[in-house]
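What follows is a set of notes on a single structure, which appears directly below.
The values are calculated or read from the model by the stated rules, or taken from the named source; none is laboratory data. As the structure is a prediction and not an experimental result, all values here were calculated from the model. For neighbour counting, all protein chains shown are included, and Cβ atoms are generated from backbone atoms with ideal geometry for every residue, glycine included. In case anyone asks, the SASA skips ligands and DNA or RNA and just uses the protein heavy atoms, side chains included. Shrake-Rupley method; radii C 1.70, N 1.55, O 1.52, S 1.80 Å.
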Amino acid sequence: MRARRAAAVAGLGDVAHPDAGEEVWRYSRIDELDLESYLPSSQRPTGASLGASLGDSPGDSLGAGAAATVVLCDGWIQSVQVSEAATEAGVLVGTVADLEGGPEILGAVLEAPVDLFGHLNRAFCPEPLAVLVPDGIRLDGPVVIVSHVATEGVAAFPRLLVRCGIDAEATVVEVQTSDDVGAMVTPVLEAIVGRAGRLRHAVLQELGQRVWQMAHQEVHVGQEASVELFHAGLGGDYARTRTDCRLLGRGAGCHITAAYFGDGSQALDYRTFLDHAAPDTVSELLFKGAVDDASRSVYSGLIRVRPEAVRTRANQTNRNIKLSPDAWAESVPNLEIETDDVMCSHASTVSPVDADQRFYLESRGVPTDVAERLLLEGFFAEVVEAAPVPAVGNRLHSGLRAKLDQHEAVGSDAA
Amino acid sequence: MQDERVLKIEGLRASVAGSEILKGINLEIRPGEVHAVMGPNGSGKSTLSHVLMGHPGYEVTGGSVTLDGVDLFGLAPWERAQAGLFLCLQHPTEVPGVSLEALLTEAARAGGRDPDAVRQALVTEAGRLGIDERLLDRSLNVDLSGGEKKRNEALQLGVLGARYAVLDEIDSGLDVDALATVSRRIQEATEEDGLGVLAITHFARLLEVLEPDRIHVLSRGSIQVTGGPELAEQLEAEGYVGVLGDAATEEPETLVGLPHAAGFGEDPFA
C-alpha cells in the first residue's frame, strides 16, 4: 500500500488541474479552487466530539440497530464498532491494511483515478476503510459511517471500499459532516456488488458552509445484482459528486435517487455516468433539487448503452425548482446509445413553484409561504420515501425543513 | 350594514389579457340560498368564479365584492378562503406529495382553528360523502377519477366550514352517482349551516339535483335574465338561443385567451 501511495505521489506532477472548459467540469466552480490553501491531514486528529453527528433524536437515530458504526475524522478512522451478529456472520469492517487480502482489493474496482482529486485521494488517504460482506450474508441493520471534517485548512481524503458478496445484502449509510471550518474533502467510494447481491448506499451530505467537497463514486454491479444509491445534498460551499456506475452482468440494475437543496451562495454539482455493458440491464435515475438565494446546482448525466447491452431499460429524470431569481440550475441529461433494442428516456425541468398548485392551496386558506413549503415538501416526498432506511429519510426531511424555514423567514422579511 | 350576511357582487368588471370579459355583474347571495349562474360557453362563467377567489390571471377593472361586509378585493386568495369563501374548481389541481390532511391542517392553523381536530373532521366528512378513508392520505387529486375529485372538493368544503361556495361547473366529468352525492352534501350544508351557494353551470342537469332559488343567465359578460326554477325548464326546452335571442351568441374576442381554458381538455358534455 505504501508503494501504491508513493507511486501516486510521484505521479501527481503529471496530473492536470481540472479546467471548467472540459465537459465534465462545465458549470462547475473548479476555477475558483485554490488547492494551495489546504494541507493534507498528516496526523490523526484528537479530541473531536463526534456524537452529535450520529444524531440523537429518536427518529434520526441512525446508530440504533446498526450492523456497524464507524467514525472518521479528517479521513482517519477514529472508531469501529461491529455488532455481534455482523461479526458472527463474517462481516469485516475496518482499515484495509488490517484486513486479510485488503491491499489487493483496493483499486480492484477503481483501477485508475478519474481526475486530480482521485489521484490526491490515492496519494494522501491515510486509512482506507473497507466493508466486506461475505457471500450469502444478509445484513439487517445498516453500516453507518460518520465522516467528519474538524480541522481548519485541512484537505481530508476519506476512502471507502464496499464489497457486497454473491447473493449478499447490505445497506451502507455515510453521514458527511464538518465543524465550521474552511476545508476540502475528497471522499472516494469504490463498491462492487457480486452476482445477485443487493447493495443500498446513502450519502447524507451535511457539510459546513465553507467546505469544498470533490466526491467520486465508482460502482460495479454484477449479474442479476442491484445497487440503490441515494444522495441527500444539503451542505458545503461547493459540493460535487461524480458517480460512475457500470452494469457489468446480465440483468444488473442501478437506481439513483437524489435530493439537493442549495441556498446562500452554495453550488451543488452532480455528475452521473451510467454504463450499460450487459444485456437486460436497468437504470432508474431521479434527481430532484431546489435552488434558493444565489445558489446553483448542476445535474449532468450520461447514459451509455453499449452494443452488447440489448434490452436495456434506462430512465433519467432531473427536476429543479428555482426559488429565487438569482438562483440557477443546470440540467444536462445525455444518452449515448449503441444498440437498437432499448427503452430509454430522459426528462429535465427547471421551473419556479407551480402557480396553479400554489393557487389551489391558497384557495383553501393556506398562506402563500406555507403553500410553497407544502409544495416543496411534496416535491421532495418521493425522494424522502426512497431512503434506504427510514432514519435517513427522516434526517433528510429535517434538513429540508430547516432550509425551508430559512426560505420562509427570508421571504417574510422581504414582504 | 357591516353585520348584514350576504355575498354581494356589485358592478363587477374584469379583464383577461386586456380584453373585458365581465361587464358589470350584480348578484346577492344570502345564507342558505342557492343561486345558479348559467350561460353558453365563453359567456364569462369561469372568469366570474376565478375573479371571486383572486386568481392572478384576471384583472378586476371595476365594481366590488363583499362577503358579510368584508371587501374581498382587499384580501389575498388565502384570506378570502379564511373569510369564508370556497371555490370548488371545475378541474381540481393535482398536487403530488401533498395530502388532504396536510393541506387542511395548515389551513386550520392559519385560521386559528385547532389543527388537531382536522383528522376527525376529515373522517366524519368522508363518511358522509362515501369516500374511502385510504384516499385521505394520498396526494391531492393525483390519480383520482373526475367523480373522486369532486367528492374531494365537497369534502374540503365541509371540513373548512365555508360560508359561501362558488361551484365552477361541478357537474362536468361527474357520473350520476357522484353528482347526486356531491349535490346532496351541498344541499345539506345550505340547510344545516346556512351555506350560500353560487353554482356556475352550462347545463340544467345539475339543477335537477341541486335546487336553485334563483337562476341567472350570463351572456356577453353580464346577467341577461334572472328568474326562478322555471327558467331552467325554459332553457332546457328552448336552449340559450330561445331565451336570449341574439345575446346567446358570443362576441369573438371573448372566446380566446382565457388562461384557465388552456390544458383543461374537452368538456365531456360539449
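Values for this structure:
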| read-out | value |
| --- | --- |
| Any hit, segment B:169-179, residues being within 14 Å of chain A (Cβ to nearest Cβ) and either within 19 Å of B:Ser49 (Cα to Cα) or buried (at least 18 other Cβ atoms within 10 Å of the Cβ) (or both) | no |
| Condition met for A:Thr339 (assigned by TED's automatic domain parsing to the domain that holds A:Tyr270, modelled with pLDDT under 95, in contact with a strand residue (DSSP E or B) (Cβ under 8 Å, 6 or more places away or on another chain) and β-branched (Val, Ile, Thr)) | yes |
| Counted residues, segment A:154-182 - those being assigned to a loop (DSSP other than H, G, I, E, B) and either more than 22 Å from A:Ala8 (Cβ to Cβ) or out of contact with any Leu (no Cβ under 7 Å at 6 or more places or on another chain) (or both) | 8 |
| Selected residue [among the small types (Gly, Ala, Ser), touching a helix residue (DSSP H, G or I) at 6+ places or on another chain (Cβ under 9 Å) and surrounded by fewer than 19 Cβ atoms within 10 Å (Cβ to Cβ)] from A:Ser363, A:Ser398, A:Ser351, A:Ser345 | A:Ser398 |
| From A:Ser300, A:Ser295, residue being hydroxyl-bearing (Ser, Thr, Tyr), more than 17 Å from the chain's Cα centre (by Cα), open to solvent by less than 50 Å² (accessible area, probe 1.4 Å) and at pLDDT 95 or above | A:Ser295 |
| Subset of segment B:93-103 (residues that are at the interface with another protein chain (Cβ under 7 Å from one of its Cβ atoms) and in contact (Cβ under 8 Å) with a residue 12 or more places away in the chain) | B:Thr93, B:Val95, B:Pro96, B:Gly97, B:Val98, B:Leu103 |
| Condition check for A:Val172: under 16 Å from the mean Cα position of the chain (by Cα) and buried (at least 23 other Cβ atoms within 10 Å of the Cβ) | yes |
| Count of residues meeting criterion [outside any helix (DSSP H, G or I), of a type in the set (A, V, I, L, M), under 16 Å from the mean Cα position of the chain (by Cα) and within 16 Å of A:Phe359 (Cα to Cα)] in segment B:63-122 | 3 |
| Residue satisfying condition, being in contact with an Asp or Glu (Cβ under 8 Å, 6 or more places away or on another chain), more than 7 Å from chain B (Cβ to nearest Cβ), within 25 Å of A:Tyr299 (Cβ to Cβ) and not aromatic (Phe, Trp, Tyr), within set A:Ser398, A:Ser351 | A:Ser398 |
| Segment B:149-188, residues that are farther than 24 Å from B:Ile9 by Cα, in a loop (DSSP other than H, G, I, E, B) and of a type in the set (A, V, I, L, M, F, W, C) | B:Leu174 |
| Test: A:Ser345 is small (Gly, Ala, Ser), modelled with pLDDT under 95 and assigned by TED's automatic domain parsing to the domain that holds A:Gly264 | yes |
| Residue identified as farther than 27 Å from B:Leu103 by Cα, among the hydroxyl-bearing types (Ser, Thr, Tyr) and either in contact (Cβ under 8 Å) with a residue 40 or more places away in the chain or open to solvent by less than 50 Å² (accessible area, probe 1.4 Å) (or both) among B:Ser43, B:Ser49 | B:Ser43 |
| Scope segment A:198-221; condition without any contact (Cβ under 8 Å) to a residue 60 or more places away in the chain, crowded, with 23+ Cβ neighbours inside 10 Å and among the small types (Gly, Ala, Ser); matching residues | A:Ala215 |
| Extreme residue, surrounded by the most Cβ atoms within 10 Å (Cβ to Cβ), among residues of segment B:123-139 that are among the aliphatic types (A, V, I, L, M) and in a helix (DSSP H, G or I) | B:Ala126 |
| Unique match (being at pLDDT 95 or above, crowded, with 21+ Cβ neighbours inside 10 Å and of a type outside the set (Lys, Arg)) among A:Asp280, A:Asp275, A:Asp244 | A:Asp275 |
| Residue that is surrounded by the fewest Cβ atoms within 10 Å (Cβ to Cβ), among those in segment A:366-395 that are within 12 Å of chain B (Cβ to nearest Cβ) and more than 30 Å from B:His50 (Cβ to Cβ) | A:Glu385 |
| Matching residues in segment A:107-135 - criterion: being within 23 Å of A:Leu39 (Cβ to Cβ), not charged (D, E, K, R) and not in a helix (DSSP H, G or I) | A:Pro113, A:Cys125, A:Pro126, A:Pro128, A:Leu129 |
| Pairs where the first residue, in segment A:259-271, is farther than 18 Å from A:Val384 by Cβ and the second is open to solvent by 10 Å² or more (accessible area, probe 1.4 Å) and of a type in the set (A, V, I, L, M, F, W, C), C-beta under 8 Å, 6+ apart | A:Gly264/A:Ala294; A:Ser265/A:Ala294; A:Arg271/A:Val24 |
| Count of segment A:132-153 residues which are surrounded by fewer than 24 Cβ atoms within 10 Å (Cβ to Cβ) and out of contact with any helix residue (DSSP H, G or I) (no Cβ under 9 Å at 6 or more places or on another chain) | 7 |
| From the options A:Ser324, A:Ser363, A:Ser331, residue that is in contact with a Phe, Trp or Tyr (Cβ under 9 Å, 6 or more places away or on another chain), polar (S, T, N, Q) and more than 12 Å from chain B (Cβ to nearest Cβ) | A:Ser331 |
| Failed item in (1) of a type outside the set (A, V, I, L, M, F, W, C); (2) open to solvent by 20 Å² or more (accessible area, probe 1.4 Å); (3) modelled with pLDDT under 95, with B:Arg163 passing the rest | (3) |
